[in-house]
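The values are calculated or read from the model by the stated rules, or taken from the named source; none is laboratory data. Worth saying up front: this structure is predicted, and the values here are computed from it rather than measured. Methodologically, a virtual Cβ is constructed for each residue, glycine included, from the backbone with ideal geometry; neighbour enumeration extends over all protein chains shown. We work out accessible area using only protein heavy atoms, side chains counted, and drop any ligands, DNA or RNA first. Shrake-Rupley method; radii C 1.70, N 1.55, O 1.52, S 1.80 Å.
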Amino acid sequence: MIDPTVEWLMERIDSAESADELRDLRDRLHRRMEALLPDGPDVSVERFNAILNGMHDALIRRAVFLSEEAMARAGKGTPPVPYAYLLFGSGGRREQTLSSDQDSGLLYEDPGPGPDPEAVRAWFREMARLIVRTLERAGYPPCDGNVISANEAWCDGFSGWTAKVDGWFDDPIWEHVRYLLILSDGRAVSGDERLAGRLRDHFFRRVRSHPGIAERMLQNTMRYKPLIGLFGQLLPERYGEDTGTIDIKYGAYIPLVSAVRLLAIISGVRETSTLSRLRRLRELGRLPPQDAEALEAAWAFFLRLRLLAASRNRGGLYANNGKVAVTLLTKPMRRELRLHLGTVQRLRHSLQRQISGRFRPGNDGGDPT
């Protein structure tokens, strides 16, 4: 695969001249990709995912470009310093489904002796708001948690970003640790990738200098539990409009990707996608080959179910609650789901043992506080 229709529509993204044109292309690509959903074992979820996320990246990059152009047309000029537009969450991991919201940030180089720092800050904050509005018109809702470049907390110069990161490490309350985990998934989708790489270098230096941060990250990572009971039974939703559904996103996918993410962080693995992390962890000997293969299979199965989950278009914005009705799962699918959830449980238990043992009093890892 690459489908000729998808290929043709993707080529047209780079010549789109407005947010409305981007929305039209996204709608057409959405319908075509929906028709190509991997509903059988012979269709590669990994390949489908790569094409789908290439579509999202292309649309977002074009929205950034159009926003730059709009700033110039409005007499604001060109970017005063280099910058990087960052994606977090599933976008940062290259794991967006057909429906995706905006988890983003904007990082720009500290101005030198020439430009006025306040003017530079104002320029980028105005452009960040414009990018977010453009993407909304293209069908991408803003992040519910306000992790978005239009939020001034997520739009800053390099020194401002590093100061924030240092503050999060030095005061590792729940919310600050959440921000660190979000940041660890970040990647540049547009602009200066080297700038984003420097921020990533700073993040990993601070991880090494704060060994106790792993236990704090573990607490956040274990927040969402796999939807499997003590005796291996699936745990569907019991109340509300989603009664009888399985929460694939928060009961299967998130427990897996968050555990792999934390193992990657403490192992110094800088890749952001779950598959890349698993393959690098295997290369480093942090995961036995059979465990890495089992986790890759679990990732592919969970992603297949997430792609098949009902997509809802709310007020012109694409959304997906990540839930699948139990009745839509065949017996073999339920059996496979239980198998993969067991794999995730074992990874989580292993991670708990590694981190708890690493930071016991007297261990070389030091005091967790």
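See the values below:
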{"read-out": "Neighbours by Cβ (under 6 Å, 6+ apart or cross-chain): first from region 323-334, more than 18 Å from Thr97 (Cβ to Cβ); second open to solvent by less than 40 Å² (accessible area, probe 1.4 Å) and of a type outside the set (A, V, I, L, M)", "value": "Val326/Gly244"}
{"read-out": "Filter result for the condition that a residue is outside any loop (DSSP other than H, G, I, E, B), surrounded by fewer than 21 Cβ atoms within 10 Å (Cβ to Cβ) and charged (D, E, K, R), over Arg223, Arg238, Arg208", "value": "Arg208"}
{"read-out": "Region 61-84 residues that are of a type in the set (Phe, Trp, Tyr), paired with ones that are exposed (fewer than 12 other Cβ atoms within 10 Å of the Cβ) (beta carbon under 9 Å, 6 or more apart)", "value": "Phe65/Asp14"}
{"read-out": "Sole exception among (1) farther than 29 Å from Asp156 by Cβ; (2) in contact with a Leu (Cβ under 6 Å, 6 or more places away or on another chain); (3) crowded, with 20+ Cβ neighbours inside 10 Å for Leu37, by number", "value": "(3)"}
{"read-out": "Every residue from region 80-117 that is open to solvent by less than 20 Å² (accessible area, probe 1.4 Å), in contact with a strand residue (DSSP E or B) (Cβ under 8 Å, 6 or more places away or on another chain) and either in a loop (DSSP other than H, G, I, E, B) or of a type in the set (D, E, K, R) (or both)", "value": "Val81, Phe88, Thr97, Leu98, Ser99, Ser100"}
{"read-out": "Test: Glu7 is surrounded by fewer than 19 Cβ atoms within 10 Å (Cβ to Cβ) and closer than 28 Å to Ile148 by Cα", "value": "no"}
{"read-out": "Those residues of region 199-245 which are more than 19 Å from the chain's Cα centre (by Cα) and aromatic (Phe, Trp, Tyr), in sequence order", "value": "Phe231, Tyr239"}
{"read-out": "Every residue from region 173-198 that is hydrophobic (A, V, I, L, M, F, W, C), in a helix (DSSP H, G or I) and more than 17 Å from the chain's Cα centre (by Cα)", "value": "Trp174, Leu195"}
{"read-out": "Residue in region 121-141 that is modelled with pLDDT of 95 or more, among the aliphatic types (A, V, I, L, M), open to solvent by 50 Å² or more (accessible area, probe 1.4 Å) and more than 27 Å from Leu256 (Cα to Cα) present", "value": "yes"}
{"read-out": "Every residue from region 142-163 that is among the charged types (D, E, K, R) and crowded, with 17+ Cβ neighbours inside 10 Å", "value": "Asp156"}
{"read-out": "Residues of region 25-34 satisfying the condition of being closer than 12 Å to Gly139 by Cβ and open to solvent by less than 70 Å² (accessible area, probe 1.4 Å)", "value": "Leu25, Arg26, Asp27, Leu29, His30"}
{"read-out": "Those residues of region 246-294 which are free of Cβ contacts under 8 Å to residues at least 12 places away in the same chain and over 14 Å from the mean Cα position of the chain (by Cα), in sequence order", "value": "Arg282, Glu283, Gly285, Pro288, Pro289, Gln290, Glu293"}
{"read-out": "Residue, modelled with the lowest pLDDT, within region 40-68, restricted to residues that are charged (D, E, K, R) and open to solvent by 20 Å² or more (accessible area, probe 1.4 Å)", "value": "Asp42"}
{"read-out": "Any strands (runs of 3 or more DSSP E) falling wholly within region 271-333 and containing at least 1 residues that are among the β-branched types (Val, Ile, Thr)", "value": "323-325"}
{"read-out": "Qualifying residue in region 241-262 (condition: among the aromatic types (Phe, Trp, Tyr) and in a helix (DSSP H, G or I))", "value": "yes"}
{"read-out": "Pairs where the first residue, in region 17-40, is in contact (Cβ under 8 Å) with a residue 40 or more places away in the chain and assigned to a helix (DSSP H, G or I) and the second is of a type in the set (Phe, Trp, Tyr) and surrounded by fewer than 20 Cβ atoms within 10 Å (Cβ to Cβ), C-beta under 9 Å, 6+ apart", "value": "Met33/Phe48"}
